[in-house]
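Please read the structure below before turning to the comments.
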Amino acid sequence: MEQTPSSQSKAPVLEELSDILLAFDKEEKELRAVKGLDKAGQLQTLSPDKTHQEEFMRVDAQGNLLSNFFSNFMRQAKNPTRFSFFKVPIEKSLEISQKLQNYLANFNEKGKAYVKKYEVSPMQYMQEQKEKEKEQNQQQKHTTMETTNIPVQEPRKEVKQENIQPAQTPSNENSEQQNEPKYKVEDVDWETLNNLGISKEYLEKRNLLEPLLKGFKTNELVPVSFNLGSAVTRFDARLSLQQNSEGKVAVAIHGIRKEPQLQYPFFGHEFSDEDKKNLLTTGNMGRVVELTNTKTQEKIPSIISVDRLTNELIALRVEHIKIPDEIKGIKLSEEQKQTLKEGKPLFLEGMQSKKGEPFNANVQFNADKRYVEFLFDENLSQKATQSQKLAEAPKEIRGIQLSQEQHQQLSEGKPVYLEGLQSKNGKTYNGYFTFNQEKGKVEMSFKNPDKKDISNDLQTPKK
């Protein structure tokens, strides 16, 4: 399971190809799983049962592979209208195929909506592919014009963000794995990559080979070409290396989807409206859910994020989440670390950029990047601030553990005086801290908020 809950010791499943294609023969009244096309262009099918699952034709949710398949099928098949096609998620293929067979064999109004939910149109996919290629050509032409004729100006808002490095260096479970390659160069299927129009020299020149060998996806899109004999298609995708069921290193293609596939179950998880909203807004779902390994049926606590380059859904085991002790000069409390480990956003104030400029931002762990990232949407920051109200007074303030008496005073809304606090610049300071129950946050002041007489504010409090 690529970057999903399955452990690394188990053979991963290529989740970018997580759907299968079913074909209904209108003459035979039979629904079968598609295996592919033979040399004569005839449809090859199998019984949609468990024994043949490994032979099913896997298709990408975005539709590039389907577009090519339908293009060849419509051109070579003697009677293409004899078949209806359905795209279904692999984890529920057996259940769905049985229902579809019943509804299609005895078609009635009851099953009409269910059939329509999974049915795909060959002509529609072919038309969409043509439009996509047209858009890509226009975009490429537009980009070339911008590069050659228009001087690039530095954006204002983005400049700040470019000076801020990731909150945590990407890690693949631990730093040792990050430094050690997961795969060897000689184990890579270079013949397949060359057939896709990608050479070892190209990857080295773009500094993409080393991340691939470490088990990461390419951090940028790569042009991929499919030559199917009489048809050639080109599209951009991210690449990764994965072990297949035979233990061999396979090339995984992460194509660009129009949008995240949130209408289908993801390893047994049905996305709620709130899940969908979070994934479409921030790219992170914002909570831990139990996902089901489709091979072992193991329940795995995981977080889910969206690959922002491809719109692919990515899951990561909670046990593989590593939270740093400090983010941009802000030491995290155990409560804050737990918030991030649960996939929730955390609003931090007073962080420092690489250039020493102070900034505030939402931070959240991203399952695809595998580190804590910054979210700079002001609305999200306000929402996070509201949702992160403390239910009770904390027992630790800025790295200092409170005594039982101090915690009691704080809980009662009384100010607590703390000494020996360290600022970001390493300077020592003292201050008063009060727990605002209405706002659910701790407020700090250099003056005693209980003293109304200004002259008393200058006196050192009694110890």
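The values are calculated or read from the model by the stated rules, or taken from the named source; none is laboratory data. Since the structure is predicted, the reported quantities are computational estimates derived from the model, not experimental observations. Quick reminder, even Gly has a Cβ in these numbers, built from the backbone with ideal geometry, and neighbours come from all protein chains shown. Just the protein is used for accessible areas: all its heavy atoms, side chains included, with ligands, DNA and RNA removed. Shrake-Rupley method; radii C 1.70, N 1.55, O 1.52, S 1.80 Å.
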Per residue accessible area of the range 183-342, 1.4 Å probe, in Å²: 49
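Which shape class, rounded, prolate or oblate, goes with the range 188-267 when its Cα gyration tensor gives a ≥ b ≥ c as root eigenvalues, a/c under 1.5 marks rounded, and past that a/b bigger than b/c marks prolate? Don't jump to the answer; show the numbers that get you there.
Details: a/c = 1.44, a/b = 1.17, b/c = 1.22.
It is rounded, given that a/c, with a ≥ b ≥ c, falls under 1.5.
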Largest-first principal axis extents, alpha carbons of the range 284-335, Å: 43, 27, 15
Net charge, PHE86 excluded, C-beta distance under 14 Å - Lys, Arg +1, Asp, Glu -1: +3
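Filter LYS117/LYS369; LYS354/LYS441; LYS112/LYS276; LYS112/LYS295; LYS184/LYS214 down to the pairs with a C-alpha to C-alpha distance above 21 Å, please.
The answer is LYS117/LYS369; LYS354/LYS441; LYS112/LYS276; LYS112/LYS295.
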Shape of the range 308-372, Cα gyration tensor, a/c cut at 1.5: oblate
Inter-probe distance in nm under a simple model that places probes 7 Å from Cα toward Cβ, at GLU405 and SER47: 8.0
Where only C-alpha atoms are counted, convex hull volume of the range 390-451 per residue in Å³: 87
